[in-house]
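Accompanying notes for the structure given below.
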Amino acid sequence: MTFLSINNLSMRFDLPNGSHVQALKDVSLEIGKGELISVLGPSGCGKSTLLNILAGFLSHTGGSVTLNDVPVTQPGAERGMVFQQGALFEWMSVRENVEFGPRMKGMPETDRNTIVDNLLNTVGLRSFKEKAVYELSGGMQQRVALARCLANDPDVILMDEPLGALDALTREKMQGLVLNLWKETGKTIILITHSVDEALLLGERLLVMAPRPGRIHKEYKLSFAERAVKSDLREVKEDPAFSETKKEILNMIWEMEEEIMSGSEQ
Ligand SMILES: Nc1ncnc2c1ncn2[C@@H]1O[C@H](COP(=O)(O)OP(=O)(O)OP(=O)(O)O)[C@@H](O)[C@H]1O
């Protein structure tokens, strides 16, 4: 049984003026349990569309997506999403945000407290439990967002540019946190990013998508994530193989963007 299976997935948006956008065409992917996948590509290549279909927020127009052999057709607790920002309940405390999902499921308070304490420990926010969300920095808010997602114990965590709004240093720390969470929880993570460094560092598998129609252009299998769990992120980035792959991917995306600008793509 494949864990997450994407077969000939297509998404066509019909526009009011009679034209259409083929946001995805014939995307096929088999994803195993516990994989950490990063997705890169020029603007408009369908990254968010793919993630939104996996989350069940969008209904695809062709092909299929199954998780544990069950078709994905709507949102479900087994698929958690972490957005770039703004998805927390600002009027609630950190604790209330993290326990929201379990509370909706009717979990008893003592069990919820254990989950909240464990997760806030994991994301380094134990002493911020009763703070309001608006009192926290952007990096802390993203830690809460991760904890809130994990509190639902999803099989798959979908991340849409979750670290994109953070300053460089905070972002680096959060990359380390994502890697540790991946190792500790064994969750399957699919992460969209616009940063080539981040995609290289966090992707065991890195997918480069191409636009018009949105499709998978190239896949890399990388060892940087596994190594970064065990050592320093910055040391891993200093590996010549890291900069060589980075250069190759940057050139690839650059060329795609040049094609888009010249209007010669198909
Ligand atoms: N609701 C919609 N209606 C019409 N077209 C849409 C809709 N959503 C997305 N598109 C189009 O589908 C294509 C893929 O969009 P998508 O947002 O998935 O790309 P992306 O790779 O995530 O882009 P970015 O990196 O800029 O966020 C784009 O051409 C976009 O304009």
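The values are calculated or read from the model by the stated rules, or taken from the named source; none is laboratory data. What you see is a predicted model; the values in this text were computed from it and never measured. Note that each Cβ is placed from the backbone with ideal geometry, even for glycine, and that neighbours are counted across all protein chains shown.
Taken as a whole, the range 172-183 holds at least one residue that is surrounded by fewer than 20 Cβ atoms within 10 Å (Cβ to Cβ) and farther than 28 Å from ILE53 by Cα.
Within the range 32-48, the residues that satisfy the criterion of being more than 16 Å from the ligand (Cβ to nearest atom) and either on the phi > 0 side of the Ramachandran plot or aliphatic (A, V, I, L, M) (or both) are GLY34, LEU36.
For GLY18, the stated conditions hold: it is surrounded by fewer than 20 Cβ atoms within 10 Å (Cβ to Cβ) and out of contact with any Gly (no Cβ under 9 Å at 6 or more places or on another chain). When GLU244 is tested against (1) within 20 Å of the chain's Cα centre (by Cα); (2) over 26 Å from GLN22 (Cβ atoms), just one condition goes unmet, and that condition is (1). Only one of the listed residues (LEU67, LEU58, LEU51) is in contact with a Phe, Trp or Tyr (Cβ under 9 Å, 6 or more places away or on another chain) and within 16 Å of the ligand (Cβ to nearest atom). That residue is LEU51.
Does SER10 fit the bill of being near the ligand (Cβ under 9 Å from one of its atoms), crowded, with 16+ Cβ neighbours inside 10 Å and among the hydroxyl-bearing types (Ser, Thr, Tyr)? Spelling it out, it is not the case that SER10 is near the ligand (Cβ under 9 Å from one of its atoms), crowded, with 16+ Cβ neighbours inside 10 Å and among the hydroxyl-bearing types (Ser, Thr, Tyr).
Under the condition of being more than 22 Å from the chain's Cα centre (by Cα) and under 25 Å from LEU166 (Cβ atoms), the residues counted in the range 91-115 number 5. Give the range 28-46 a look and list any residue that's more than 25 Å from THR185 (Cα to Cα) and not polar (S, T, N, Q), or say none. Answer for the range 28-46, where residues must be more than 25 Å from THR185 (Cα to Cα) and not polar (S, T, N, Q): GLY41, PRO42, GLY44, CYS45, GLY46.
On inspection, SER5 passes the criterion of being more than 12 Å from the ligand (Cβ to nearest atom), out of contact with any helix residue (DSSP H, G or I) (no Cβ under 7 Å at 6 or more places or on another chain) and assigned to a strand (DSSP E or B). Can LEU67 be described as farther than 23 Å from GLN175 by Cβ, under 19 Å from the mean Cα position of the chain (by Cα) and crowded, with 17+ Cβ neighbours inside 10 Å? Yes: the conditions hold for LEU67. No other residue among LEU191, LEU206, LEU202, LEU233 is closer than 30 Å to SER137 by Cα and at pLDDT below 95 apart from LEU233. For beta carbons closer than 6 Å, sequence separation of 6+ or different chains, a first residue in the range 28-55 that is in the same structural domain as THR185 (by TED's automatic domain parsing) and in contact (Cβ under 8 Å) with a residue 40 or more places away in the chain and a second that is in a helix (DSSP H, G or I) and away from the ligand (no atom under 13 Å from the Cβ), the qualifying pairs are LEU36/TRP182; LEU36/ALA225; SER38/LEU202. Within this structure, VAL229 fails the test of being buried (at least 17 other Cβ atoms within 10 Å of the Cβ) and either more than 16 Å from the ligand (Cβ to nearest atom) or under 23 Å from ILE260 (Cβ atoms) (or both). Apart from one condition, VAL39 fits all of (1) closer than 22 Å to TRP254 by Cα; (2) surrounded by fewer than 22 Cβ atoms within 10 Å (Cβ to Cβ); the exception is (2). Of all residues in the range 21-31, those satisfying the criterion of being near the ligand (Cβ under 9 Å from one of its atoms) and surrounded by 22 or more Cβ atoms within 10 Å (Cβ to Cβ) are ALA23, LEU24.
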